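Enquirer: The structure's right below; bear with me while I get my questions together.
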Ligand code: ADP
Ligand code: MG
């Protein structure tokens, strides 16, 4: 789950991280009061969407010459004018894709006097199996470009989970970021705070870009991007309220209600598979035969008929789907349950695209019999290879 910048900052502030004063608003009527509650004289009006690159982003409705999604305002009148211009419009950034994202809330923040912009993030490093800090003096800009052109400017410090952030770790980070004076003193507090926030709340990513050194020499978290690990959501009731459904794919929201592991993708072959590994190989083999999957979907080990029905409905509701491949290995999952779920779903929503089903394992005979007797136009397949070729061929001949 991703959250907005202002929510991430509030969370980090509760752990003691230095962030600016700011107010989130949902309508331009709130802009003046928000700005008046801040110290001034410099304000920043920041679009709150679940994507980065907002500063350099462009509003679809405002043309190429308009300012971006993060704007400095020198007066309260400017704050109000910018808020009116930005709210309700669509911001396109490097990370949103061409469709962009509608800006439904803004963060009005105290403007900082910036001396240096640095990069800091925390992530789970699968190589070392540890949480790592990734830091660079080249902050504020596109870190992917830094990684590509000057990888030596990115330094990784991984943290021993039994020791936490040690003085030696902080020293490495301080040296990598070339911090001295007050910034160095601040760093000794800030980096352990970031690590604690990350591990306490089960984040999968915390990116502070930029972390700034202000002209007064102190550090401040100027931007914050947080993703939480969904697998740990069950132990974080307190974070549920931070979810913003308007930022999420409607199909993924529906899937999450049924506890389905579902990720929407750009292709046109809908996949219903059990087991993440089988789902991945199904996607791979679809690609191998020259088509693209419309989704990743793992219905899980012991899915009920209701769950299978919900999954099938989510796939068929996607107008991009031109064919469906059901690929089930019945271990704990029974093939007859899958067959019943598919039929229940088709009865409710109809079936207008080719459907290839490959069933194997527990109760496979019963499953196949149920599908045969249903009168549905199911193309049956014997193995993964056969199934992928059949669905790709069916979609191509229908096109
Ligand atoms: P994004 O990464 O989505 O473009 P940021 O929050 O990083 O958004 O803002 C982009 C740039 O705007 C920052 O690199 C910084 O230069 C400037 N900026 C952002 N917030 C403030 C602020 N409170 N005071 C001064 N400048 C800011
Ligand atoms: Mg940023």
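Enquirer: What does the highest-first list of 26-32, 307-313 look like by mean Cβ count within 10 Å? The partial results should precede the final answer.
Expert: Values: 26-32: 16.3, 307-313: 24.0.
The packing order, highest mean first, is 307-313, 26-32.
Enquirer: Take the alpha carbon gyration tensor of the range 261-346, find the square roots of its eigenvalues, order them as a ≥ b ≥ c, and report rounded if a/c is under 1.5; if not, report prolate when a/b exceeds b/c, else oblate. Walk me through the numbers on the way to the answer.
Expert: On the way: a/c = 2.01, a/b = 1.33, b/c = 1.51.
Oblate shape, in that a/c is at least 1.5 and b/c is the bigger or equal ratio.
Enquirer: So for 166, 120, fewest C-beta neighbours within 10 Å to most, what's the order?
Expert: Values: 166 12, 120 24.
Fewest-to-most Cβ neighbours within 10 Å comes out as 166, 120.
Enquirer: Determine the relative contact order of the range 260-329: mean sequence separation of Cα pairs under 8 Å and six or more apart, normalised by residue count, in whole percent.
Expert: Working: 131 pairs, mean separation 32.2, N = 70.
This gives 46 percent for the range 260-329.
Enquirer: Helix 76-86 versus the longest principal axis of the chain: what is the Cα-based angle in degrees, 0 to 90, to the nearest 10?
Expert: Once rounded, the angle reads 10 degrees.
Enquirer: Can you give me the relative contact order of the chain as a percent, contacts being Cα pairs under 8 Å and 6 or more apart?
Expert: Details: 816 pairs, mean separation 49.6, N = 399.
Relative CO of the chain lands at 12 percent.
Enquirer: Can you compute the helix-only [θ] at 222 nm over the chain? Use -39500 (n - 2.57) per DSSP H run of at least 4 residues, normalise by all residues, nearest 500 deg cm²/dmol.
Expert: -10500 deg cm²/dmol
Enquirer: For residue 75 and residue 238, compute 0.36 nm times the residue count separating them, minus their Cα-Cα distance, and round to one decimal in nm.
Expert: On the way: separation 163, 0.36 × 163 = 58.68 nm, distance 3.67 nm.
Separation in residues times 0.36 nm, less the Cα-Cα distance, equals 55.0 nm.
Enquirer: Normalise the Cα radius of gyration of the range 21-110 by 2.2 N^0.38 Å (N = residues in it) and let me know the number. Don't jump to the answer; show the numbers that get you there.
Expert: Numbers: Rg = 12.1 Å, N = 90, 2.2 N^0.38 = 12.2 Å.
So the range 21-110 has a normalised radius of gyration of 0.99.
Enquirer: As a footprinting exposure proxy, order 126, 116 by other Cβ within 10 Å, with the fewest listed first.
Expert: Details: 126 7, 116 18.
By the 10 Å Cβ count, ascending: 126, 116.
Enquirer: Using only the Cα atoms of the range 250-398, build the gyration tensor, take square roots of its eigenvalues as a ≥ b ≥ c, and label the shape rounded, prolate or oblate: rounded if a/c is under 1.5, else prolate if a/b is larger than b/c, else oblate. It would help to have the intermediate numbers written out before the result.
Expert: Numbers: a/c = 1.24, a/b = 1.08, b/c = 1.15.
Judged from the Cα gyration tensor, the range 250-398 comes out rounded (a/c under 1.5).
Enquirer: If we count other beta carbons within 10 Å of each Cβ, what is the order of 43, 289, fewest first? Provide the component values of the computation, followed by the final result.
Expert: Details: 43 25, 289 16.
Least to most surrounded, the residues fall as 289, 43.
Enquirer: Mind ranking 218-224, 87-93 by how tightly packed they are, going by the mean number of other C-beta atoms within 10 angstrom, highest first? Can you show the working numbers first?
Expert: Working: 218-224: 22.6, 87-93: 18.6.
Going by the mean number of other Cβ atoms within 10 Å, highest first, we get 218-224, 87-93.
Coordinate-derived values only; no laboratory data. This is a predicted model, so every value here is computed, not measured. Cβ: placed from backbone, ideal geometry, glycine included. Neighbour counts: every protein chain shown.
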